[in-house]
Amino acid sequence: MSLTFKSIATLSHDLKTGEVSSRQLVEQAVARIETLNPQLNAVVCLEAEQALANADQADAKRAKGEHSPLLGIPMLHKDIFCTQGMRTTCGSKMLKDFVPPYDATVVQKLRAAGMINLGKCNMDEFAMGSSNETSVFGACKNPWDMTRVPGGSSGGSAAAVASGMVPLATGTDTGGSIRQPAALCGITGLKPTYGRVSRYGMIAFASSMDQAGPMAQSAQDCALVLNAMAGHDPLDSTCDNTPVPNYHQTLEHPIAGLRVGVPKEFFSSHLDTAVATVIDTAIRELERAGATIKAVSLPSTDLAVSTYYVIAPAEASANLSRYDGVRYGYRCEAPNDLQDLYFRSRTEGFGAEVKRRILVGTFTLSAASYDQYFMKAQQVRHLITQEYDHVLDEVDVIAGPAAPNTAFALNDTSKSITDMYMEDVFTIGANLAGLPAISLPAGLVNGLPVGLQLIGRRFGEAQLLNVAHQFQNRTDWHTRRPTLEAVR
Amino acid sequence: MTQASTVKDVAVLARLTISEHDIENVTAEFNQTLALFDALQSVDTQGVAPMVNPCKANQPLRTDSVRTLVSREGLMKNAPSEEENYFLVPRVID
């Protein structure tokens with residue numbers, strides 16, 4: 001019996017009734033990874049033996065009557081989460097041999113909930129990218145079309161779920177890194193409110209925006225996993241102590257009367273016209289479900305890109321200063337002296353995009369540029385946040401596209417650096433303002449998936465998941481699968 | 001327009017080396033990115049407080065008690081070079 005593409009809820013039921021064992025689930029997942037990965041390059045570390053041993057333990061717990069919803073379900077982590085004893089590279093040569101001595105809180109929580117981690121997913125180096133092409137392991141491919149990118153930076157996670165390797169992969173989202181690859185690969189991905197999920201043990205990129213979330217086939221599966229991921233962590237002072245609701249319990253609430261705001265700036269010249277049509281149709285579906293659609297305005301949408309690309313590289317330049325070749329990470333061969341060790345370890349260990357952002361961040365934080373760029377961007381961030389808050393006073397959720405186009409071609413040299421940065425134009429606002437946002441499959445354009453983005457109020461994940469689930473009750477886009485003909 | 005010499009100075013601050021072969025290209029990309037920031041300068045931010053992060057004003061802090069999360073040996077396993085549980089670096093003082 002094929003278990004591929006079964007939902008977490010279904011697998012959990014099958015495990016409970018004894019129709020299937022966790023060992024069988026893990027064996028099938030490992031077999032599928034071994035078949036598909038040589039071409040997809042979604043998984044960069046597979047630890048099958050350990051996963052099978054953990055599956056046996058989960059089966060033993062089931063046999064004793066334990067039946068938590070995630071017990072025995074296979075999954076993969078983005079290679080940005082520290083996993084004790086399992087190599088964690090962040091897609092970089094800098095960390096190619098790094099084996100963390102501790103687990104990230106997200107890793108620990110999902111293990112405690114009974115999930116079986118099989119390994120680690122490919123990603124853009126230090127999560128800096130929208131195509132997964134900056135990884136030291138090479139590009140991950142989009143399961144819908146092997147000549148195209150899966151999006152990034154959580155491209156490996158999105159491709160792994162979209163190709164049916166596992167029902168769940170973790171991702172992180174600093175400027176759209178869960179939502180954009182979820183959109184491009186036709187899966188559901190949730191970026192929670194800043195502070196909803198612990199960042200402890202999650203390798204830092206831009207600390208005021210980084211946030212972890214689930215990537216799965218449906219909002220229902222995301223809800224089940226967020227129940228286990230969310231909550232206060234004493235090891236992360238930015239991790240909020242707002243009580244965690246049961247996200248699964250409110251999925252079936254009717255959405256009649258829901259106020260949906262559609263920002264006109266999300267339908268600007270950046271947006272592909274065929275993608276716009278799909279998003280418009282999806283919003284009409286919400287209207288048919290009883291929602292009220294209201295035109296709203298977020299005038300700073302384009303400005304958010306400039307703001308983000310000052311703040312994120314500045315924070316990155318500070319965070320990545322720790323990689324000096326002394327305590328852990330890559331060290332150059334035969335350094336002449338300490339300065340030579342620093343310069344060559346960093347120059348040889350980091351890839352081009354990471355170095356580009358460190359340079360810009362170092363510049364905007366330097367004394368001569370600080371007020372002009374970094375301080376200014378933080379002030380504009382405040383204005384953008386107020387803009388979102390004002391709109392969310394009038395509506396319950398904001399709806400629009402997650403990405404301006406469908407998956408673009410690998411090695412697309414026609415795209416400039418700033419063209420690539422504009423990929424994030426619709427996702428960045430939620431990161432700057434710290435708001436939760438979800439991308440869910442809304443249709444296909446020329447056989448490639450399109451993602452509908454919903455943005456909610458702070459700690460409004462339950463409402464976002466509810467709306468997404470109601471949309472998925474009425475449509476079947478989230479059940480569409482790539483044929484994978486080119487992979488087999 | 002930022003000059004190549006400034007980009008080189010910034011690279012030194014960041015402990016990165018840019019080769020003579022790459023400097024022209026790196027400077028061009030650097031300026032391309034800075035051009036993206038020009039739009040910020042036209043925004044009126046008079047009296048607007050900078051937003052450092054989106055957290056609530058009061059962050060939940062724990063009691064600052066001593067405990068061992070990771071052993072010294074566990075941390076030293078990733079050291080590129082070590083001796084007797086100390087990190088080894090090239091000689092700094094002759």
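Quick check: the distance between the Cα centres of the range A:48-83 and the range A:217-288, to the nearest angstrom? The distance from the Cα centre of the range A:48-83 to that of the range A:217-288 comes to 27 Å. With all protein chains in place and a 1.4 Å probe, the accessible surface of the protein assembly as shown carries 50 percent carbon and sulfur.
Are there any trypsin sites (Lys or Arg not before Pro) in the range B:1-58 that are in a DSSP loop and have at most 15 other Cβ atoms within 10 Å? List them by number. Counting only loop positions with at most 15 other Cβ atoms within 10 Å, the trypsin sites (Lys or Arg not before Pro) in the range B:1-58 are B:Lys56. Rolling a 1.4 Å probe across the protein heavy atoms gives the range A:366-488 an accessible surface of 33 Å² per residue. With the simple spin-label model, which puts each label point 7 Å out from Cα in the Cβ direction, the A:Lys64 to A:Ala9 separation comes to 3.0 nm. Given the C-alpha centroids of the range A:381-452 and the range A:296-315, what is the distance between them in whole angstrom? For the range A:381-452 versus the range A:296-315, the Cα centre distance is 12 Å. Residues of the range A:59-103 whose accessible area, computed with a 1.4 Å probe over protein heavy atoms, drops by at least 10 Å² once all protein chains are present relative to their chain alone are A:Phe98, A:Val99, A:Pro101, A:Tyr102. Rolling a 1.4 Å probe over the protein heavy atoms gives the range A:190-320 an accessible area of 31 Å² per residue. Heavy-atom accessible surface of the range A:33-155, averaged per residue, reaches 32 Å², computed with a 1.4 Å probe.
About its Cα centre, chain B has a charge dipole of approximately 600 debye under the convention of +1 per Lys or Arg Cβ and -1 per Asp or Glu Cβ, with nothing else charged. Model label sites at A:His390 and A:Ser237, defined 7 Å from Cα along the beta-carbon direction, differ in position by 3.3 nm.
The slack in the chain from A:Ala274 to A:Thr413, taken as 0.36 nm per residue of separation less the alpha-carbon distance, amounts to 47.7 nm. Computed across the range A:315-404, the Kirkwood hydrodynamic radius from all distinct Cα-Cα pairs reaches 16.4 Å. Each 20 Å bin from zero up to the one holding the largest Cα-Cα distance in the protein assembly as shown carries the following percent of pairs: 22, 57, 21, 1. Here the 3J(HN,Hα) profile of the range A:264-272, calculated from phi with Karplus coefficients 6.51, -1.76 and 1.60 at θ = phi - 60°, is 5, 5, 6, 10, 7, 5, 5, 8, 4 Hz, Gly and Pro shown as x. Among the DSSP helices (H) of chain A, those spanning at least 18 angstrom by Cα along their long axis with an average Kyte-Doolittle hydropathy of -0.5 or more are A:22-40, A:273-288, A:301-319, A:352-365; this is a geometric and hydropathy rule only.
Burial here means at least 10 square angstrom less accessible surface with every protein chain in place than with the chain by itself, probed at 1.4 Å; in the range A:378-394 the buried residues are A:Gln378, A:Gln379, A:Val380, A:Arg381, A:His382, A:Leu383, A:Thr385. Quote the charge dipole size of the protein assembly as shown about the Cα centre in Debye, to the nearest 20; the model charges only the Cβ of Lys and Arg (+1) and of Asp and Glu (-1). Dipole magnitude for the protein assembly as shown comes out near 1120 debye. Multiplying the residue separation of A:Ala31 and A:Gln339 by 0.36 nm and removing their Cα-Cα distance gives an extension gain of 106.1 nm. Measuring spread by the Cα atoms of chain B yields a radius of gyration and Dmax of 22.6, 57 Å.
Legend: residue pairs A:Lys264/B:Lys56; A:Lys264/A:Lys376; A:Lys141/A:Lys415; A:Lys78/B:Lys56; A:Lys415/B:Lys8, Cα-Cα distance threshold 21 Å; pairs beyond threshold, A:Lys264/B:Lys56; A:Lys264/A:Lys376; A:Lys78/B:Lys56; A:Lys415/B:Lys8. Across all directions, the shadow cast by the convex hull of the range A:83-217 built on its C-alpha atoms averages 7.3 square nanometres. Only four residue types carry charge here, +1 at the Cβ of Lys and Arg and -1 at the Cβ of Asp and Glu. Report the dipole size of the range A:332-476 about the Cα centre in Debye, rounded to the nearest 20. Its charge dipole is roughly 80 debye.
Equivalent ellipsoid of the range A:1-55: semi-axes from √(5λ) of the C-alpha gyration tensor, largest first, are 22, 13, 8 Å. Chain B and chain A together bury an accessible surface of about 5100 square angstrom, both sides counted, with a 1.4 Å probe and no ligands or nucleic acids included.
Extending 7 Å from Cα along the Cβ direction at A:Gln57 and again at A:Arg259 yields two label points whose distance is 4.9 nm. Of the trypsin sites (Lys or Arg not before Pro) found in the range A:34-122, those that fall in a DSSP loop while having at most 11 other beta-carbon atoms within 10 Å are A:Lys64. Two numbers describe the Cα atoms of the range A:336-488: Rg and Dmax, which are 20.6, 65 Å.
The values are calculated or read from the model by the stated rules, or taken from the named source; none is laboratory data. Just so we're clear, the structure is a prediction, and the values are computed from it rather than from any experiment. Counting neighbours? That spans all protein chains shown, and the Cβs are built from the backbone with ideal geometry, glycine included. The area values use the complete protein model at the heavy-atom level, side chains included, leaving out ligands, DNA and RNA. Shrake-Rupley method; radii C 1.70, N 1.55, O 1.52, S 1.80 Å.
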